[in-house]
Amino acid sequence: MAHRLPAFPVWLTPKRDIERMKLPTKVKLVDVGPRDGLQNEKAPVPAAVKIELVHRLQDAGLTEIEVTSFVSPKWVPQMADAASVMAGIRRQPGVRYSVLIPNMKGFEAAVAAPRAFWPDEIVVFGAASEAFSQRNINCSIAESIERFAPVVQAARAAGIHVRGAMSCAVGCPYEGEIAPERVGYLAGLMKGIGVQHIGVADTIGVGTPRKVQRAMEAALRHYAIDDVSGHFHDTYGQALANTLATLEMGVWQFDASIAGLGGCPYAKGATGNVATEDVVYMLQGMGIETGIDLDKLLDAGKFISDFLERKPNSRAAVALLNQRAA
């Protein structure tokens with residue numbers, strides 16, 4: 001009896017077979033470093049540094065950048081300079097600049113400046129966990145959707161794209177494992193108020209490939225494949241594996257953070273968002289196009305890491321920078 005050889009792992013598969021395996025041939029990355037990455041830094045980061053980071057990211061080829069958030073400075077002091085940062089960016093054609101918006105007051109602040117300084121996209125956020133929603137924004141999931149409905153309506157009326165971030169899509173620090181049905185429930189609510197794109201976020205980094213795939217499948221019951229993205233944290237070292245698992249589903253848009261900045265303050269020991277450098281290194285090694293210059297990306301990560309006086313939280317960046325220095 002003939003023995004059937006096992007399939008090659010994706011990372012050993014020849015480039016010519018990528019299309020046959022239905023992997024995307026091109027991936028779009030949203031760098032959330034300037035916002036999600038810096039918002040929990042205790043020491044103030046000057047607006048000029050944030051602006052320079054955005055410039056370096058777009059010069060490296062990023063076409064989607066989450067710049068800042070219009071939130072109360074009482075709750076997030078690091079983002080108190082949101083208007084100044086948006087006004088100081090040297091915008092490039094073809095780049096979409098997004099901001100996080102918590103409520104109508106935040107939206108009004110985001111569009112108070114002249115149109116040239118408005119965001120191209122706003123991000124509203126909800127949780128697939130009731131406990132996390134109550135702890136994070138002091139309301140239920142349903143109440144959070146009611147709060148965001150007028151924000152979404154106002155943004156779309158103004159011609160601003162709306163993305164929804166769905167946190168705790170795999171696990172919650174208070175509830176534990178989250179059932180995929182909860183992800184589907186939240187996705188349906190967001191679809192109902194007009195959110196155009198949703199991100200499935202493993203906020204505390206507990207997800208593994210099968211669990212993340214099930215969460216993504218639940219979201220895809222409400223949104224087309226072109227309108228979903230993955231947002232994975234690397235707390236347990238699973239972010240790249242989870243990225244690969246969702247690539248195999250056809251997902252081609254992902255959030256990442258330069259130098260691995262950021263992370264959920266509710267997850268003890270969390271190492272933060274997956275590093276943009278690590279994702280780009282993996283994708284380039286697989287022959288998948290990103291449009292990003294890895295050398296320039298390394299420079300952007302080194303720039304912000306030097307300012308924060310620590311090494312990049314990216315294995316690829318550390319290894320490649322060490323090679324440069326050798």
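The values are calculated or read from the model by the stated rules, or taken from the named source; none is laboratory data. Values in this document were obtained by computation on a predicted structure and should not be read as measured data. FYI the Cβ positions are ideal-geometry reconstructions off the backbone, even for glycines, and counts take in every protein chain you see.
Pairs needed: first member in the range 21-42, within 18 Å of His55 (Cβ to Cβ); second member anywhere, assigned to a loop (DSSP other than H, G, I, E, B); C-beta distance under 6 Å; at least 6 residues apart or different chains.
Listed by first residue and then by second, the contacts come to Asp31/Leu62; Gly33/Leu261; Gly37/Leu261; Gly37/Gly262; Leu38/Val45.
Of the residues Ile225, Ile258, which single one is within 25 Å of Val49 (Cα to Cα) and not polar (S, T, N, Q)? It would help to see each step written out before you state the result.
Numbers: Ile225 fails: within 25 Å of Val49 (Cα to Cα).
After ruling out the rest, the residue left standing is Ile258.
Identify, by number, the condition in (1) in contact with a strand residue (DSSP E or B) (Cβ under 6 Å, 6 or more places away or on another chain); (2) aliphatic (A, V, I, L, M); (3) closer than 12 Å to Val170 by Cβ that Met190 doesn't meet.
Answer for Met190: the failing condition is (3).
Does Ala319 fit the bill of being without any contact (Cβ under 8 Å) to a residue 40 or more places away in the chain and surrounded by fewer than 19 Cβ atoms within 10 Å (Cβ to Cβ)?
Details: without any contact (Cβ under 8 Å) to a residue 40 or more places away in the chain: yes; surrounded by fewer than 19 Cβ atoms within 10 Å (Cβ to Cβ): yes.
Against the criterion (without any contact (Cβ under 8 Å) to a residue 40 or more places away in the chain and surrounded by fewer than 19 Cβ atoms within 10 Å (Cβ to Cβ)), Ala319 qualifies.
Please find, among Ala179, Ala154, the residue that is touching a residue at least 12 places away in the same chain (Cβ under 8 Å) and more than 15 Å from the chain's Cα centre (by Cα).
Ala154
Could you look through the range 85-105, keep only residues that are of a type in the set (S, T, N, Q) and buried (at least 16 other Cβ atoms within 10 Å of the Cβ), and pick out the one that is modelled with the lowest pLDDT?
Asn103
Consider Asp293 against the criteria (1) in contact (Cβ under 8 Å) with a residue 60 or more places away in the chain; (2) surrounded by fewer than 24 Cβ atoms within 10 Å (Cβ to Cβ); (3) under 23 Å from Ile204 (Cβ atoms): it satisfies all of them except one. Which criterion is unmet?
(3)
Can you list the helices (runs of 4 or more DSSP H) found entirely within the range 146-254 that contain at least 2 residues being farther than 24 Å from Met282 by Cβ and out of contact with any Asp or Glu (no Cβ under 9 Å at 6 or more places or on another chain)?
180-192
Just name the residue that is nearest to Ala218 (Cα to Cα) out of those in the range 118-139 that are buried (at least 21 other Cβ atoms within 10 Å of the Cβ) and over 17 Å from the mean Cα position of the chain (by Cα).
Filtering the range 118-139 for residues that are buried (at least 21 other Cβ atoms within 10 Å of the Cβ) and over 17 Å from the mean Cα position of the chain (by Cα), the one nearest to Ala218 (Cα to Cα) comes out as Ser129.
State all residues of the range 140-175 that are among the small types (Gly, Ala, Ser), surrounded by fewer than 18 Cβ atoms within 10 Å (Cβ to Cβ) and at pLDDT below 95; if no residue qualifies, say none.
Ser140, Ala142, listed by residue number.
If you take the residues of the range 301-326 that are within 17 Å of the chain's Cα centre (by Cα) and modelled with pLDDT of 95 or more, which of them is nearest to Leu53 (Cα to Cα)?
Applying the filter and picking the extreme gives Gly301.
If the Cβ limit is 6 Å and pairs must be 6+ apart or interchain, which residue in the range 106-121 that is modelled with pLDDT of 95 or more pairs with which residue that is of a type in the set (Lys, Arg)?
From the range 106-121, the pairs are Asp120/Arg96; Glu121/Arg96; Glu121/Arg163.
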